[in-house]
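Working notes for the structure below.
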Amino acid sequence: MSHRVVASIDRRALAHNLDIARRHAPQSKVLAVIKADAYGHGLLACAEALRAADILGVTDIEEAERLRAHGIHKDILVMQGLIDKSDVRRVAKEGFQLVIHRVEDLALLETELSRVHLSHKLTFWLKLDTGMGRLGITAAEVQRLHLALRRQKWTEEVILMTHLANAGMPQSPLNTTQVLNFARSCQALAEFTPQTSIAASAALLALDVQGDFVRPGIMLYGSSPFAWKDVERRREKFGLHNVMTLQARIISIQQHNTGDNIGYNSQFICPQPMRIGIVSIGYADGYPSHTPNGCPVLVGTQRTVTTGRVSMDMLAIDLTHCVDAQPGDMVTLWGEQLSIDEVAAHTGVISYQLSSGVSPRVPRTYR
């Protein structure tokens, strides 16, 4: 372990969780989402661990090019689409697949691709806004844009996709509305039998809407896409394995008296005599600064809680009942025995934010 803080990544757990995704959609191809540096787990290492996926999904052209530069020759989808016109040539050069979510992207593609020699045709994913209200073309635009893309000499295939806003709430009526809206748009193009994609992690695990491609993201990293209070949909219920374990060391232990202040802004005042440990991790490492008193941590295998405001490089924990704890001992902020989903529920954020927020200064180790 690092002398101060480390995030340990279990690549075998990644591969296991990919298998879980396949079991839930045995007839679908799997697009493994590794955007945002693989949700903070490390883009390149996770791409290697997920080689069994049919295609990889990244945020932008920079992440796609990083993969290519390191010898990842699998199909890669640029999920946020075009940011700048220069992206078109870069997509064409490497043969990346590309999400199209704006009508005006067609003119940009026509202009830029007329200026380059293509060694192979390109695949586009046409994104429909069926009710998410974020990115995507409307139902009124889908037929025209789909046909316009298909007739281009540089188009290999056009896949239809959408994204469900409330898949994490399986009973939400909006899920049904979005699926029906998507089906109507696909029906208008039935003669072309386009491939489709609807389900990300939550829909893959809880809704019967897989399509030709599924797009697991957070579940690959051993986290449930459902709220912690939904006890029947926690990660263990799906057989998911933890991937990231975040640990730091106790660097000081002090005995405090009733009424003593612990840390900034008097967020915690000792209600009785307490043994307080200072741990070498803080918000500069990605542990949330707004974490309330009482967030769970593990000292060895013993459960205890945070006390006081998180500092830039340190946080305080209650060691009153951890009588054997000593400076140098490891503290687990989340891992196999303490779910990142539970920590997220205590901090008021989602697990996606916790893992992707782990600072680059925190070393990652892989096994």
Practice prompt. Starting from the Cα of Thr177, step 7 Å along the direction of its Cβ; do the same at Ala190; then give the gap between the two resulting points in nm.
Written response: 2.5 nm
Practice prompt. Please report the relative contact order for the chain, taking Cα pairs under 8 Å with a sequence separation of at least 6, and give it as a percent rounded to a whole number.
Written response: 18 percent
Worksheet, complete the sentence: 1/(1 + (r/R0)^6) with r = Cβ-Cβ of Arg150 and Arg12, R0 = 41 Å, i.e. FRET efficiency to nearest 0.05, evaluates to 0.50
Worksheet item: Which whole-number percent gives the relative contact order of the range 11-223, counting Cα pairs below 8 Å spaced six or more residues apart?
Response: 21 percent
Worksheet, complete the sentence: So Met132 and Gln326, fully extended at 0.36 nm per residue minus their Cα-Cα distance, gain in nm 64.8 nm
Discussion item. Suppose R0 equals 45 Å. What FRET efficiency, 1/(1 + (r/R0)^6) with r the Cβ-Cβ distance, do Ala69 and Gln254 give to the nearest 0.05?
Written reply: 0.40
Item to complete: Out of all DSSP beta bridges with both ends in the chain, state the antiparallel percent to the nearest 5.
Response: 50 percent
Worksheet item: Name the trypsin sites (Lys or Arg not before Pro) in the range 184-242 that are in a loop by DSSP and that have at most 11 other C-beta atoms within 10 Å, would you?
Response: Lys229
Item to complete: Residues in the range 278-298, backbone N under 11 Å from the label point at Gln353 (7 Å along the Cα-to-beta-carbon vector): list them, ranges by number please.
Response: 288-291
Worksheet item: Considering lysine pairs in the chain that are 8 or more places apart or on different chains, how many have Cα atoms under 22 Å apart?
Response: 19
Response to the item:
Note: Gln337 to Lys121 extended length (0.36 nm per residue) minus current alpha-carbon separation gives 73.0 nm
Practice prompt. Would you mind computing, in nm to one decimal, how far apart the modelled labels at Leu207 and Arg22 are, each placed 7 Å from Cα along Cα→Cβ?
Written response: 2.5 nm
Worksheet item: Counting pairs of alpha carbon atoms under 8 Å apart in space and at least six apart in sequence, what relative contact order in percent does the range 244-366 give?
Response: 29 percent
Worksheet item: If all Cα-Cα distances of the chain are sorted into 10 Å bins from 0 onward, what percent lands in each bin, rounded to whole numbers?
Response: 5, 22, 27, 21, 14, 7, 3, 0
Practice prompt. Assuming R0 = 25 Å, can you tell me the calculated FRET efficiency for the pair Leu44 and Met169, based on Cβ-Cβ distance, to the nearest 0.05?
Written response: 0.15
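Bear in mind that the values in this text are calculations on the coordinates, not laboratory data. Keep in mind that what you see is a predicted model, and the values were worked out from it rather than measured. Using ideal geometry, Cβ is built from the backbone for each residue, glycine included, and neighbour counts are taken over all protein chains shown.
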